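To start, the structure itself, in structure tokens.
Derivation of every value follows stated rules applied to the coordinates shown; laboratory data play no part. What you see is a predicted model; the values in this text were computed from it and never measured. Quick reminder, even Gly has a Cβ in these numbers, built from the backbone with ideal geometry, and neighbours come from all protein chains shown.
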Amino acid sequence: MLDMELIRKDRDAVASALAKRMDLAEVTHALDEIQQLDQQRRGLITEIDGERQRRKAEARAYAEAKRAGREPEVAAPEAGRRQIAELETELDEVQSRLRDRMSELPNLPADDVVPGGKEANRVVKTFGEPPAIEKVRDHVELSRMLGLVDHERGVKLGGSGFWMYTGLGARLEWALVNWLIERNVEAGYEFLLPPHLLLDTAGFAAGQFPKFYDDVYHLDRRSAPRGQFLLPTAETAILGAYQDEILETAKLPLKVFAYTPCYRREAAGSHSDERGTVRGHQFNKVEIFQFALPEQADAALEAMIGHAESLVEALGLHYQRSLLAAGDASAAMRKTLDIEVWMPSTGRYKEVSSVSWGGDYQARRAAIRYRERGGKQTRFVHTLNGSALATSRLFPAILEQFQQPDGSVLVPEVLRDRLGSDRLTPR
């Protein structure tokens with residue numbers, strides 16, 4: 001969440017940044033309520049502290065009078081303790097309401113992030129050219145011709161929005177996952193395999209709860225009284241793994257990555273550019289993550305973007321990089337750049353990686369800090385994450401961009417040894 005001190009000191013700057021993502025009237029109302037609660041909280045703390053000091057003095061006077069055999073001129077200490085307890089209860093309620101309101105605010109977009117939604121996204125880089133294909137087949141038709149994906153049996157097993165890789169399709173998917181894992185290890189990231197079931201605290205820490213609470217699959221409270229859900233992305237698990245920790249400053253930036261299936265309740269697309277494996281309720285993704293010092297964040301973001309793009313380039317895919325507008329980026333992120341591959345069948349680009357800088361927003365929610373060099377004071381780290389990469393989008397892009405007139409598909413050179421072939425041919 002945001003820094004309360006920043007809201008106190010420079011409310012106008014905070015309001016201006018939030019207005020890139022929210023209606024200005026909504027921003028004003030939210031900040032008014034937050035500042036009112038903050039004033040109540042500070043006033044109660046001052047009152048409690050003063051009351052404690054007064055009660056201590058009265059308790060000493062009461063005890064001295066009793067020892068001297070005099071009738072005390074002040075009330076018994078129990079009365080003071082009850083009054084303090086009532087004030088503390090009121091403080092707890094105010095702090096809980098303040099925390100709820102603060103947790104609902106999105107992150108402050110970076111200065112170079114513009115307001116608006118998808119229409120305001122800006123392409124900042126293009127790699128290669130769209131392949132010239134005389135008769136374009138879409139990836140759903142190609143995967144059926146080549147026997148790579150069984151959509152019907154996937155629906156039979158899981159319902160709408162699920163599929164099953166088969167034969168060389170399963171091998172291609174697994175080859176992509178393994179190749180990505182190896183490349184991320186080579187780039188200096190430590191490999192993690194986290195649980196797929198996470199506690200609700202991890203969802204809050206990542207900034208996905210409470211706003212997107214209904215977008216994930218939850219276990220019922222009888223099975224999971226503490227609250228558990230299926231992870232929607234490995235980002236949630238990686239961040240949650242380091243909750244409430246003070247990281248060693250000398251080891252920052254800390255670079256880790258994880259492979260996981262991702263589970264999301266979002267509606268599977270029936271639109272032509274979201275058919276097949278492009279969007280569903282379960283898909284594979286390899287996620288890179290960095291915990292960095294504030295002064296390391298810019299370099300870390302550039303390095304992560306460059307690394308993710310190097311993976312797409314090594315596969316030989318045509319893509320573009322876009323800087324997302326505030327309304328199209330994750331609410332927890334200050335800045336997001338999407339790497340989008342070309343889909344010939346629709347004439348559109350589809351995101352295979354979002355690389356984002358969160359500033360200290362997630363670290364505040366998760367209480368992840370570092371100790372300043374030579375001092376005792378701790379500060380919040382900065383977090384960065386990115387897909388490296390989402391295979392359910394790579395898979396159809398490979399089929400469509402490398403399709404041949406006879407219905408076969410050329411295998412990217414970096415994957416040929418893993419599949420034992422340079423071409424996928426119709427059955």
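Miscellaneous remarks
- Net charge of neighbours whose Cβ lies under 15 Å from the Cβ of Arg264, counting Lys and Arg as +1 and Asp and Glu as -1: -2
- Segment Ser310-Asp214, length gained on full extension (0.36 nm per residue, minus Cα span): 31.1 nm
- Computed from point charges on the beta carbon alone (+1 for Lys and Arg, -1 for Asp and Glu), the dipole magnitude for the chain about its Cα centre is near 860 Debye.
- Asp92/Val414 FRET efficiency (R0 51 Å; Cβ-Cβ; nearest 0.05): 0.35
- Entries of Lys20/Lys251; Lys335/Lys376; Lys20/Lys211; Lys125/Lys211; Lys20/Lys376 with Cα pairs more than 25 Å apart: Lys20/Lys251; Lys335/Lys376; Lys125/Lys211; Lys20/Lys376
- Per-pair calculated FRET efficiency, R0 = 25 Å: Thr46 and Ala25 via Cβ, rounded to 0.05: 0.20
- Residues with amide H under 5 Å from that of Ala367, placed H, sequence gap 5 or more: Asp244
- Label of the coordinate-derived value, Kirkwood radius over Cα pairs in Å, listed as (i) 24.5; (ii) 23.3; (iii) 22.3: (i)
- Computed over the chain, relative contact order equals 19 percent, with contacts defined as Cα pairs under 8 Å that lie 6+ residues apart.
- Region 119-150 residues near the modelled Gln320 label - backbone nitrogen below 17 Å, point 7 Å along Cα→Cβ: 119-132
- Dipole-positive endmost among Val381, Ala397, Val409 within region 377-427 (Cβ charges, Cα centre): Val381
- Whether region 211-343 is rounded, prolate or oblate, judged on the alpha carbon gyration tensor where a/c under 1.5 counts as rounded: oblate
- Sorting the segments 391-399, 168-176, 145-153, 59-67 by their residues' average number of neighbouring beta-carbon atoms within 10 angstrom, most packed first, yields 391-399, 168-176, 145-153, 59-67.
- For region 1-158, with +1 on Lys and Arg beta carbons and -1 on Asp and Glu, the positive-most of Met145, Val124, Ser103 along the dipole: Ser103
- Qualifying lysines (Cα of each under 16 Å from Cα of Lys285; at least 8 residues distant if same chain): Lys350
- Most to least packed among 230-236, 363-369 [average Cβ atoms within 10 Å]: 230-236, 363-369
- Taking amide H positions as modeled 1.01 Å from N, with prolines and chain starts lacking one, the residues under 5 Å from Arg279 and 5 or more places away or on another chain are Gly269.
- Extension gain (nm, one decimal) between Lys66 and Asp422, 0.36 nm per residue minus Cα-Cα: 118.6 nm
- Label point distance in nm, Asp100-Val185, each placed 7 Å from Cα along Cα→Cβ: 4.8 nm
- Choice from Gln83, Gln95, Gln296 showing the highest fluctuation, given a GNM over the chain with Cα pairs closer than 10 Å: Gln83
- For the pair region 202-246 and region 283-326, the centres of their Cα atoms are 24 angstrom apart.
- FRET efficiency for Ala15 and Ala170, using Cβ-Cβ distance with R0 set to 35 Å, rounded to 0.05: 0.10
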